[in-house]
Amino acid sequence: MTNPAQSVSRALVLGGGGVTGIAWEVGVLAGLSSRGIDWSKAASVIGTSAGSFVGTAVASGYDLERLFAAQLVPDDNEVDVKASESTMAAWWDALAQGGDDPRKVGAAMGRISKADPEPVPRATRRRVVESRLVATDWPASLKVTAIDADTGELRVFDQHSGVPLIDAVSASGAVPGVWPLERFQGRSWVDGGMVSTANARQAAGHDRIVVLAPMPAGYGRIPGAAEDAEFLAERAEVCLVAPDEASVEAIGPNPYDPQRREAAARAGRTQGEALAGKISTLW
């Protein structure tokens, strides 16, 4: 006889949000883990942009307390970058061009990256990526999103995609106008979060889903994390976690500011610990 508990499929979705989003997600997950939440139960860990770095750690079984501690000290490999006013204006133009069609939005975002393919040196970006990654081999449960810069199509990479993990994660976080365009498999790739910051709908088919979304709002006419959670909740138990008031203040206005890592991580941990009862009931 099959044990019903063993047939439950769980997914952890980790959205984008820059270096502060990484720190906040690590804090939330570490806080929940300290209260007994076992993330190894996740059959799928779906990471977008910042979430792809954190997802690599979770899916690899990396020590979250160690990762949390790393957020509390400066990292000389991090780079203080910021989206310029012209870049943000270009993003909004892309959203207007694409309307409610994710592929059109993605292709417009791709054009922004192709017009400025190396806003910082590629070697600098690779150093940042390497310093954030805690593993080089694909974990079995990890899925990483990126957008084809030409077609605008969202692609989900995993251990069977034939792409090195570092390349997939670099592509997932290749924010147009902020980080360099990524190229492999004869294609160009941009940040998987430029259409949907969490891509939570990729978790469809799982029974229990936890979504961490440092940036929960929708873009233009593209649904946000709340709408995605409602969609998933039609067939699954879903919990959406977005930054509370204290976390929003800790994260600050620029998600790419490494000086905010410690504050974001600590606020995330406090928030995670407070949510332990709710998450435990679902997970």
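Can you pick out the pairs among Lys82/Lys143; Lys82/Lys114; Lys114/Lys143 whose Cα atoms lie more than 22 Å from each other?
Flagged as over cut-off: Lys82/Lys143; Lys114/Lys143.
If you fit an axis through the alpha-carbon atoms of helix 18-33 and take the longest principal axis of the Cα set of the chain, what angle between them do you get, 0 to 90°, nearest 10?
10
Over all alpha-carbon pairs in segment 68-198, figure out the percentage whose distance exceeds 26 Å.
For segment 68-198, the share of Cα pairs beyond 26 Å comes to 22 percent.
For the ranges 55-64, 245-254, what's the packing order if you count other beta-carbon atoms within 10 Å of each residue, average per peptide, and put the highest first?
Ranked from most to least packed, the peptides come out as 55-64, 245-254.
Please give the helix 50-60 orientation as an angle from the longest Cα principal axis of the chain, in degrees from 0 to 90, rounded to the nearest 10.
40
Compute the signed sum of charges (Lys and Arg +1, Asp and Glu -1) over the other residues within less than 12 Å, Cβ to Cβ, of Ala246.
Neighbourhood net charge equals -1.
With a 1.4 Å probe and every protein chain left in place, work out the accessible area per residue of the chain in Å², rounded to a whole number.
43
Between Gln259, Gln97, Gln202, find the one with the highest GNM mean-square fluctuation for the chain; connect C-alpha pairs within less than 10 Å.
Largest GNM mean-square fluctuation: Gln97.
Give the aspartates and glutamates whose C-alpha is closer than 13 Å to that of Lys41, dropping any in the same chain fewer than 8 places away, or say none.
Asp207
Return the inverse of the average 1/r over all pairs of distinct C-alpha atoms in segment 135-269, which is the Kirkwood hydrodynamic radius, in Å to one decimal.
16.2
Between Arg66 and Glu245, how high is the FRET efficiency from 1/(1 + (r/R0)^6) when r is the Cβ-Cβ distance and R₀ = 22 Å? Nearest 0.05.
It comes out at approximately 0.20.
Taking just the alpha carbons, could you work out the radius of gyration and Dmax for segment 240-279, both in angstroms?
10.5, 32
How many Å³ per residue does the convex hull of the Cα positions in segment 1-142 occupy?
Normalising the Cα hull of segment 1-142 by residue number yields 153 Å³.
Give me the Kirkwood hydrodynamic radius of the chain in Å, from all C-alpha pairs, to one decimal place?
Radius from the Kirkwood sum: 18.4 Å.
Contour minus end-to-end for Ser7 and Asn77, with contour as 0.36 nm per residue of separation and end-to-end as the Cα-Cα distance?
Taking 0.36 nm per residue and subtracting the Cα distance, the gain is 21.0 nm.
Given H placed 1.01 Å from N in the peptide plane, which residues other than close sequence neighbours of Ala198 have an amide H under 5 Å from its amide H?
Those qualifying (amide H under 5 Å, at least 5 residues apart or on another chain) are Gly16.
Specify the angular offset, from 0 to 90 degrees and rounded to the nearest 10, of the alpha carbon long axis of helix 261-274 from the longest principal axis of the alpha carbons in the chain.
Computed tilt is about 30 degrees.
Round to a whole number: what % of the accessible area of segment 48-196 belongs to carbon and sulfur, probe 1.4 Å?
49
Sorted by accessible area (1.4 Å probe), largest first, how do Met88, Met194 line up?
Met88, Met194
Rg over Rh of segment 193-257, using C-alpha atoms and the Kirkwood radius, what does it come to?
Reported Rg/Rh, Kirkwood definition of Rh: 1.00.
The values are calculated or read from the model by the stated rules, or taken from the named source; none is laboratory data. Model, not experiment: these values are computed from the prediction. Glycine also receives a Cβ, built like all others from the backbone with ideal geometry; neighbour counts cover every protein chain displayed. With ligands, DNA and RNA removed, areas are computed over all heavy atoms of the protein, side chains included. Shrake-Rupley method; radii C 1.70, N 1.55, O 1.52, S 1.80 Å.
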